[in-house]
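Below you'll find the structure, written out as structure tokens, and then a few comments.
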Amino acid sequence: MKLEGIHHITAITGDAPGNVNFYARVLGLRLVKKTVNQDDPTVYHLFYADEKGSPGSDLTFFEYPGAAPGRAGAGMVHRIVWRVASAEALEFWSERLGGEGIDVSAGDGRLLFADPEGLTHELAVIDTRDEPLVAEHPEIPAELGLQGFDGVRAYAGEPQASLGLLEEGLGFAPSEGGWEVRGERRGSSYAYDAPPQNPGIPGGGTVHHVAWGSQIEEHESWRQRVLEHGGRPTQVIDRFYFRSIYFREPSGVLFEIATIGPGFTADEPLEHLGESLSLPPAYEHLRDEIEARLTPLENPRRRAPAR
């Protein structure tokens with residue numbers, strides 16, 4: 001069994017409209033699913049990805065309106081690394097982000113910036129045979145767009161404590177500065193940095209968890225392997241768009257193993273993903289109550305100018 005790299009990354013926002021504006025308009029990702037947090041259906045769960053909503057490109061946010069800014073610390077992912085194709089792409093993004101008032105720093109084939117709530121991103125020129133996972137955007141040429149995740153970096157005070165679960169249990173392969181997690185179709189990286197002195201604070205602009213991709217038929221076997229290597233996974237949870245198990249790896253980072261499929265077209269056609277509020281069947285009877293609590297969000301593609 002091999003994990004298919006990162007499936008999705010979930011973070012926290014205190015401002016859904018501002019979040020949509022930045023990730024759909026500025027970064028050019030497609031809002032592929034507008035739904036609710038299935039553990040707290042009073043708040044949004046927003047999914048951004050490539051044009052097809054592919055695992056490996058899904059960045060998701062729980063919205064807690066007005067949430068105080070958080071701070072990454074030990075046991076938390078502190079940086080999301082995206083792939084781009086070329087130095088020209090980095091130049092494009094430096095100009096585009098700078099034009100939006102976003103501070104950027106560049107060097108050694110990489111570009112570093114933070115979103116308006118402080119979540120740190122890195123764009124890196126990556127030579128890979130993996131399929132580029134790109135969304136369509138009228139202002140962003142496809143060859144310059146974000147191509148999906150390359151990896152994440154987390155803070156860990158004692159990273160050696162995680163070696164057994166990561167390498168023996170999950171099959172993470174040591175690579176320069178961290179690990180590679182590669183399946184038949186896609187790979188990602190996972191790496192640690194020394195944590196800051198101050199402890200982490202969950203809140204706006206922080207990562208909640210990182211999910212790794214599994215084939216559906218192998219999902220229960222992954223849960224068993226986590227148990228055998230000292231983890232404490234949840235039971236398999238049906239999230240309608242995929243199935244999930246959750247556990248903390250020894251350094252404290254919250255992991256999920258999520259299945260590749262059924263996918264976001266389970267309740268919407270591909271051409272209309274993210275245009276309306278989608279609710280899993282278990283919550284459909286609560287639609288009126290849920291919609292009354294949520295801030296209306298405009299479909300970002302309706303206001304985008306034609307290319």
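The values are calculated or read from the model by the stated rules, or taken from the named source; none is laboratory data. Just so it is clear, the model here is predicted, and its values are computed rather than measured. Neighbour counts run over all protein chains shown; Cβ positions are idealised from the backbone, glycine included.
Listed conditions (1) of a type outside the set (A, V, I, L, M); (2) exposed (fewer than 15 other Cβ atoms within 10 Å of the Cβ); (3) in contact with a helix residue (DSSP H, G or I) (Cβ under 7 Å, 6 or more places away or on another chain) are all met by residue 231, apart from (2). Taking the listed residues 59, 3, the one that is closer than 17 Å to residue 256 by Cβ, of a type outside the set (Asp, Glu) and either at pLDDT below 95 or not in a strand (DSSP E or B) (or both) is 3, with no other qualifying. Applying the criterion of being touching a Gly at 6+ places or on another chain (Cβ under 9 Å) and polar (S, T, N, Q) to the residues of segment 41-88, the residue that is farthest from residue 187 (Cα to Cα) is 54. Evaluate the following for residue 300: is it closer than 26 Å to residue 24 by Cβ and crowded, with 16+ Cβ neighbours inside 10 Å? Yes: the conditions hold for residue 300. Taking the conditions exactly as written (surrounded by 14 or more Cβ atoms within 10 Å (Cβ to Cβ), of a type in the set (Asp, Glu), within 18 Å of the chain's Cα centre (by Cα) and over 27 Å from residue 214 (Cβ atoms)), does residue 117 satisfy them or not? Taking the combined requirement at face value, the residue satisfies it. Considering each residue of segment 46-73, count those that are of a type outside the set (Ser, Thr, Tyr) and surrounded by fewer than 21 Cβ atoms within 10 Å (Cβ to Cβ), and give that number. Looking only at that region, the number is 10. In this structure, does residue 250 turn out to be free of Cβ contacts under 8 Å to residues at least 24 places away in the same chain, outside any helix (DSSP H, G or I) and not β-branched (Val, Ile, Thr)? Criteria not met by residue 250.
Can you name the residue in segment 236-258 that is among the hydroxyl-bearing types (Ser, Thr, Tyr) and buried (at least 20 other Cβ atoms within 10 Å of the Cβ) and is also farthest from residue 165 (Cα to Cα) among such residues?
So the residue we want is 241.
With the requirement that a residue be over 19 Å from residue 204 (Cβ atoms) and either surrounded by 17 or more Cβ atoms within 10 Å (Cβ to Cβ) or within 19 Å of the chain's Cα centre (by Cα) (or both), what does segment 75-103 give you? Across segment 75-103, the qualifying residues are 81, 82, 83, 84, 85, 89, 90, 92, 93, 94, 96, 97. All of 48, 23 fail the test of being aromatic (Phe, Trp, Tyr), assigned to a strand (DSSP E or B) and out of contact with any Asp or Glu (no Cβ under 6 Å at 6 or more places or on another chain), apart from 48. Scanning segment 37-77 for residues that are polar (S, T, N, Q) and within 30 Å of residue 142 (Cβ to Cβ) turns up 54, 57, 60. The number of residues in segment 195-212 that are in a strand (DSSP E or B) and in contact with a Phe, Trp or Tyr (Cβ under 9 Å, 6 or more places away or on another chain) comes to 6. Within segment 158-194, the set of residues being aliphatic (A, V, I, L, M) and assigned to a loop (DSSP other than H, G, I, E, B) comprises 170, 194. Each residue in segment 253-290 was checked for being part of a loop (DSSP other than H, G, I, E, B) and either among the β-branched types (Val, Ile, Thr) or within 30 Å of residue 226 (Cα to Cα) (or both), and 6 of them qualify. When the residues of segment 170-210 are filtered to those that are touching a residue at least 24 places away in the same chain (Cβ under 8 Å), small (Gly, Ala, Ser) and within 24 Å of residue 131 (Cβ to Cβ), the one that is surrounded by the most Cβ atoms within 10 Å (Cβ to Cβ) is 188. Selection within segment 222-244: residues that are assigned to a loop (DSSP other than H, G, I, E, B) and charged (D, E, K, R). The member of this set that is nearest to residue 260 (Cα to Cα) is 239.
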